[in-house]
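This report concerns only the one structure given below.
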Amino acid sequence: MQLLRKTGAIRDGHFEYPNGLHANEYMQVQLAMRYYQHAKVLSVGLSRLLRANTEIRAMIPELSIVSPDTGGLPVAYGVCEALRAHQVYWADRKEEHGPMRFRQYLEQVPGEKVLLVDDILRSGRNLAELKRLVEASGAQVVGLAVIIYQPTPKTVDFGPLPFHYLAKLEGVYYKDAASCDLCKRGVPVEKVWI
Ligand SMILES: [Zn+2]
């Protein structure tokens, strides 16, 4: 958490998220991932948590590390390198609000063991869509791993899927401007894109 604050990845203030939530904290992991040494510390830390899990450890040689977009790639490659897992790939979107997809010829094999990796889990929408996409091809999602877990009142519930995170960010959330104490106190609000 210190490393994330020092690099400006965790910011205190008054923020409006794209889904309308207001909060007193904002997190942008990429600001910490700019520095290779920090990226290394964070992804090696996460890989150690994963390796400590006996089920994950047993499947490392055949494990695919899959990210919902390019934002999760530094973590995905860092974790893959530290674990010596089988491969890394990622999804993208042709249009900003279009469906998530994989590049042509990038297909899972039925039964492939897939660990979903991203820098942060906040709304969980991207990771939930990635999970559906991966499972549609007959691959098996074996877990979820992120650097930061930032639960909000709108976070998707992944049920019993094993979930690994390095740190948890517990901000104060308001469902909209009308119920926001920071708005009531006249604190200037910053809109965040992601
Ligand atoms: Zn507010």
- Assess whether SER64 counts as being touching a Lys or Arg at 6+ places or on another chain (Cβ under 7 Å) and closer than 18 Å to ILE148 by Cα. no
- Has region 46-68 got any residue that is without any contact (Cβ under 8 Å) to a residue 60 or more places away in the chain, within 21 Å of LEU133 (Cβ to Cβ) and either exposed (fewer than 15 other Cβ atoms within 10 Å of the Cβ) or out of contact with any helix residue (DSSP H, G or I) (no Cβ under 6 Å at 6 or more places or on another chain) (or both)? yes
- Task: Check every one of the helices (runs of 4 or more DSSP H) wholly within region 1-109 and list those with 3 or more residues that are out of contact with any Leu (no Cβ under 6 Å at 6 or more places or on another chain) and farther than 30 Å from ARG185 by Cα.
- Result: 36-51, 54-59, 73-83
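Among the residues of region 62-85, are any over 26 Å from GLY138 (Cβ atoms) and of a type in the set (Lys, Arg)? Lay out the reasoning, then the answer.
Here is the first cut: in region 62-85, the ones over 26 Å from GLY138 (Cβ atoms) are 71, 74, 78, 81-82.
Filter again for of a type in the set (Lys, Arg), leaving none.
Checking region 62-85: not a single residue is over 26 Å from GLY138 (Cβ atoms) and of a type in the set (Lys, Arg).
Inside region 156-193, can you point out the residues that are more than 16 Å from the ligand (Cβ to nearest atom) and either exposed (fewer than 14 other Cβ atoms within 10 Å of the Cβ) or part of a strand (DSSP E or B) (or both)? Even if it seems obvious, please write down each step before you answer.
Here is the first cut: in region 156-193, the ones more than 16 Å from the ligand (Cβ to nearest atom) are 156-170, 193.
Scanning region 156-193 gives ASP157, GLY159, PRO160, LEU161, PHE163, HIS164, TYR165, LEU166, ALA167, LYS168, GLU170, TRP193.
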- Task: Look through region 129-150, keep the residues that are without any contact (Cβ under 8 Å) to a residue 40 or more places away in the chain and surrounded by 17 or more Cβ atoms within 10 Å (Cβ to Cβ), and return whichever of them is farthest from HIS164 (Cα to Cα).
- Result: LYS131
- Message: Residue pairs, Cβ under 9 Å, 6 or more apart or interchain, first in region 180-194 and of a type in the set (D, E, K, R), second in a loop (DSSP other than H, G, I, E, B). List them.
- Response: ASP181/VAL172; ASP181/VAL187; LYS191/TYR17; LYS191/PRO18
- Residue check, PHE15 of a type in the set (Phe, Trp, Tyr), in contact (Cβ under 8 Å) with a residue 12 or more places away in the chain and more than 16 Å from the ligand (Cβ to nearest atom): no
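With the structure loaded, tell me whether GLU129 is part of a loop (DSSP other than H, G, I, E, B) and of a type in the set (D, E, K, R) or whether it fails that test.
Numbers: part of a loop (DSSP other than H, G, I, E, B): no; of a type in the set (D, E, K, R): yes.
Judged against the criteria, GLU129 is not a match.
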- Note on the structure: Checked against (1) of a type in the set (Val, Ile, Thr); (2) over 29 Å from ARG11 (Cα atoms); (3) at pLDDT 95 or above, VAL109 satisfies every condition except (3)
- Query: Of the residues in region 101-153, how many are out of contact with any strand residue (DSSP E or B) (no Cβ under 6 Å at 6 or more places or on another chain) and under 20 Å from MET1 (Cβ atoms)?
  - Reply: 2
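Quick grid of which residues meet (1) surrounded by fewer than 20 Cβ atoms within 10 Å (Cβ to Cβ); (2) without any contact (Cβ under 8 Å) to a residue 40 or more places away in the chain:
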position: THR70; (1), (2): yes, yes
position: LEU73; (1), (2): yes, yes
position: VAL79; (1), (2): no, no
position: LEU83; (1), (2): no, yes
position: PHE102; (1), (2): yes, yes
position: GLU107; (1), (2): yes, yes
position: GLU112; (1), (2): no, no
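The values are calculated or read from the model by the stated rules, or taken from the named source; none is laboratory data. These numbers were taken from a predicted model, which means no experiment stands behind them. Here the Cβ is made from the backbone with ideal geometry for all residues, glycine too, and neighbour counts use every protein chain on show.
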